[in-house]
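Only the coordinates and a few stated rules stand behind these numbers; no lab work does. These figures come from a predicted structure and were not determined experimentally. Note that we place each Cβ from the backbone using ideal geometry, even for glycine, and neighbour counts take in every protein chain shown.
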Amino acid sequence: MALDVGDVRIGIAVSDLMGIIANPLETYTRKGDIQNDARYIIDLANSKDVSLFVSGLPLGLDGKENEQTRKTREFIGVLIGMCDIPVKFLDERFTTLSAERVLIQGNVRRENRKKVIDKVAATIILQNYLDSKR
């Protein structure tokens, strides 16, 4: 399961059983309580028999960590503390831009893109991870 962790939403994607293809699952709107947000993700992961989380790591263009990186690490730290599912981080630079391009090419209207861009970004993160394992 891949996570594109943001301040307002978390994009979620899962792979097929063979770990070849990433598929968008949902965009979760955060409730403002990091524990409850993590519990939701864990419950969803358990329902999908997830064995690994792949979290996008939002680095700056220079490759250095920034405030958003810290927030993502904080959320993942809470997640790790609440479950036994391991986490791998993957550089997510340009993932949202790639997701935006995919949606534009798919003729998704601007107002609808905001609803799905996070789960599309999570799908790209997961597909990049799966491709790197081959």
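For the structure I just gave you, tell me whether Glu92 is in contact (Cβ under 8 Å) with a residue 12 or more places away in the chain, over 19 Å from Ser132 (Cα atoms) and within 15 Å of the chain's Cα centre (by Cα). Spell out how you get there, then give the answer.
On the way: in contact (Cβ under 8 Å) with a residue 12 or more places away in the chain: yes; over 19 Å from Ser132 (Cα atoms): no; within 15 Å of the chain's Cα centre (by Cα): yes.
So Glu92 does not fit the description; no.
From the list Gly60, Gly6, Gly77, Gly32, pick out the single residue that is of a type in the set (Gly, Ala, Ser) and within 20 Å of Val120 (Cβ to Cβ).
Checking each option against the conditions leaves just Gly6.
Out of (1) over 21 Å from Val8 (Cβ atoms); (2) surrounded by fewer than 18 Cβ atoms within 10 Å (Cβ to Cβ), the odd one out for Asn128 is which?
(2)
Residue-by-condition table, conditions (1) more than 17 Å from the chain's Cα centre (by Cα); (2) touching a residue at least 60 places away in the same chain (Cβ under 8 Å):
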position: Leu57; (1), (2): no, no
position: Thr69; (1), (2): no, no
position: Val102; (1), (2): no, no
position: Ala121; (1), (2): no, yes
position: Arg134; (1), (2): yes, no
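Only one of Asn112, Asn128, Asn107 is in contact (Cβ under 8 Å) with a residue 24 or more places away in the chain, more than 25 Å from Asp33 (Cα to Cα) and either touching a helix residue (DSSP H, G or I) at 6+ places or on another chain (Cβ under 6 Å) or of a type outside the set (Gly, Ala, Ser) (or both); which?
On the way: Asn112 fails: in contact (Cβ under 8 Å) with a residue 24 or more places away in the chain; Asn107 fails: in contact (Cβ under 8 Å) with a residue 24 or more places away in the chain.
Only one candidate qualifies: Asn128.
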